[in-house]
Structure formats: structure tokens, C-alpha cells
Amino acid sequence: MEQHTASDVEPERPSAARVYDYYLGGSHNFAVDRAMAEQAIRILPELPANMRANRAFLRRAVRFMIAQGVRQFLDLGSGIPTVGNVHEVALSEAPDARVVYVDSDPVAVAHSQSILEDVAQATIVQADVTDPAVVIGHARRQLDFDRPIGVLMVALLHFVPETANPRALIAHYRDAVTPGSFLAISHGTADQQGDRGPQLEALYSRSANPLVSRDKATIESYFDGYELVEPGVVFVPLWRPDPGSLPSSTPPERTATYAGVGRVR
């Protein structure tokens, strides 16, 4: 694989992966990313907390899949695998787990390569997730597609435009894996957001990754061919919260993000 360093790219436009890193308190971002993130926070002050809620969902989904016997993960649009990401959670639960991260941002890939340098069970692939044949070709070098795989599309699909046909894209990944595999989705929504949703979309339209908010019914339709795991598609804090966790004082709908997990039939 071609190696990249963070100095390879000096972006003129913000990147979703690096903006997300900033929301999470990371350092793998540029001034242009931070400026956009601060604009977004002015529209939706809860954004950093929402991103942490989204990351917490990712961890819960991975632990759930591990409990179901899954030992392989394909994390699409992975961004920068900072603290608490898939390989850390998976390996803490199952030392034989394997993870393939996929992202198209060369800076995210460069930082991922550095983070994963000493992690034999995890690797990063630079590829466009909307080209599933290429992604799956790379993933087959690391994962056994005859055994269940946990496919993760966490905070990804709201950056996939309708012209890329997200339903067909999801179906392609679904058809590549064996029954007993899982899909986790979290997706931004304008449902119950008033005028904040359109404002965020307008802001992100100036970035390298325009944002497409979708409603609950549309996100539920993405699980066609899957058996939805209880409680179905819900606002992200409501998906199987950890036992004993304290409920947030912020209403769940303020996260502006739906989440769900499905099992391949």
C-alpha cells in the first residue's frame, strides 16, 4: 500500500474525518477543519457531545457483535481510529478479532497507519467506500468472507449522496458477506431539528463532504434484507444503552442521529 504522511496534504477544504476528529477532541485536523467545526457548533451546540454519543454507539455495537460470535470487522468511512475505536474495543473483548478500516481521506489514512503500526490484527485501506468491489477486494486479503463479518457504516451514509445510490451500495456489501453477519448504521437526521438541519447541510455543502440528512423511514429502509436487532432504528443514545449508565439530561432527539443494527438473514 502507498504510504502517506500528514504533510502530503494541505487541504483547502475541510474534511469530514478531520472535523469529526476535532469534535472528539483529537489533534489530527487543520485550521480549516476547526473553523468549520466551530461554525457547525454555533448551529448545533450539542455537536461535540453528539459525536461522543455516536462513538459510544460504535463501541456498544462492536461489543454486541462480539457477543454474537463475530470476530471480524469492516469499518467503512472509519476516519481516524483514535481512542475507543473498533480495534481497541474488539481486541479487549476477543484477542483473535481482526479489523479492516477503510477511508478515502489521505490524511486520515496516514494517521491511521501510524496508530495501527504495531497492531497486527488491524489495517487501514485507502479506498472509496462507494466502490464496494475495490473495498471488498482489499478486505478479502485480511478477512474471511465465509465467516460472519460486522460491517460498520457509522456516521458515513449522510455523506453518501442519492446519486451514489446508498441502498444499492448497502446491498452490495450485504450480498458479499455470509448470513450471520451484521450491519451497524448511524445517520444524521433533520427529524425534530427545526431549521438547524438545513443550516448544517448548507454549511457542509462548502466542505469536501456535503451532508445529506435523511428521515427515520429512509434509514430503516437501508436494512432491507436484514433482521433488525431490538430496539430497531432509534436516536443514538437509545440503542441498547449500557446497563447502569446515567440518562443524559439532553433529550435523545437533540443528537440529530439515528442508529440501528441488523443481522444478515
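For this structure, a couple of remarks:
A quick yes/no check of all residues on (1) among the charged types (D, E, K, R); (2) over 23 Å from Leu157 (Cβ atoms):
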residue	(1), (2)
Leu44	no, no
Arg60	yes, no
Ala67	no, yes
Leu74	no, no
Thr82	no, no
Ala97	no, yes
Tyr101	no, no
Ser112	no, no
Asp118	yes, yes
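- Evaluation of Val19 against (1) crowded, with 24+ Cβ neighbours inside 10 Å; (2) farther than 27 Å from Ser249 by Cα; (3) touching an Asp or Glu at 6+ places or on another chain (Cβ under 7 Å); (4) among the β-branched types (Val, Ile, Thr) (one fails), failing number: (2)
- So Thr257, is it crowded, with 16+ Cβ neighbours inside 10 Å, among the polar types (S, T, N, Q) and either closer than 14 Å to Ala155 by Cα or in contact (Cβ under 8 Å) with a residue 12 or more places away in the chain (or both): yes
- Of residues in the range 91-134 being under 14 Å from Phe73 (Cβ atoms) and in contact with a Lys or Arg (Cβ under 8 Å, 6 or more places away or on another chain), the one surrounded by the most Cβ atoms within 10 Å (Cβ to Cβ): Ala122
- Checking Glu93 against (1) touching a Ser or Thr at 6+ places or on another chain (Cβ under 6 Å); (2) of a type in the set (D, E, K, R); (3) within 22 Å of Arg55 (Cβ to Cβ), the condition it does not meet: (1)
- Scanning the range 178-209 for residues that are in contact with a helix residue (DSSP H, G or I) (Cβ under 9 Å, 6 or more places away or on another chain) and more than 28 Å from Pro237 (Cβ to Cβ) gives Arg206, Ala208.
- Only residues that are at pLDDT below 95 and either over 11 Å from the mean Cα position of the chain (by Cα) or surrounded by fewer than 21 Cβ atoms within 10 Å (Cβ to Cβ) (or both) were counted across the range 68-87, and they come to 3.
- Tally of residues being more than 22 Å from His138 (Cβ to Cβ) and either touching a residue at least 60 places away in the same chain (Cβ under 8 Å) or touching a Cys at 6+ places or on another chain (Cβ under 9 Å) (or both) across the range 67-76: 2
- Any hit, the range 56-67, residues being in contact with a Ser or Thr (Cβ under 6 Å, 6 or more places away or on another chain) and at pLDDT 90 or above: yes
- Qualifying positions in the range 156-170 - of a type in the set (A, V, I, L, M) and in contact with a Gly (Cβ under 7 Å, 6 or more places away or on another chain): Leu156
- Restricted to strands (runs of 3 or more DSSP E) entirely inside the range 145-236, those with at least 1 residues that are surrounded by 19 or more Cβ atoms within 10 Å (Cβ to Cβ) and over 18 Å from the mean Cα position of the chain (by Cα) are 226-228.
- Every residue from the range 8-32 that is part of a helix (DSSP H, G or I), over 18 Å from the mean Cα position of the chain (by Cα) and within 18 Å of Phe159 (Cβ to Cβ): Val32
- Test: residue in the range 224-240 that is within 22 Å of Gly197 (Cα to Cα), at pLDDT 95 or above and among the acidic types (Asp, Glu): no
- Filtered residues of the range 66-92 (kept if in a helix (DSSP H, G or I) and under 21 Å from Ser112 (Cβ atoms)): Val86, His87, Glu88, Val89, Ala90, Leu91, Ser92
- Residue in the range 156-174 that is under 29 Å from Gln72 (Cα atoms) and of a type in the set (Ser, Thr, Tyr) present: yes
- When the range 171-214 is filtered for residues that are modelled with pLDDT under 95, touching a Phe, Trp or Tyr at 6+ places or on another chain (Cβ under 9 Å) and small (Gly, Ala, Ser), only Gly188 remains.
- Taking every residue in the range 106-129 that is outside any helix (DSSP H, G or I) and pairing it with any residue that is charged (D, E, K, R) and modelled with pLDDT under 90, at least 6 positions away or on another chain, the pairs with Cβ-Cβ distances below 9 Å are Gln126/Glu2; Gln126/Asp105.
The values are calculated or read from the model by the stated rules, or taken from the named source; none is laboratory data. Since we're looking at a predicted model, the values are computed, not measured. Cβ coordinates were reconstructed from backbone atoms using ideal geometry, including for glycine residues, and neighbour counts include every protein chain displayed.
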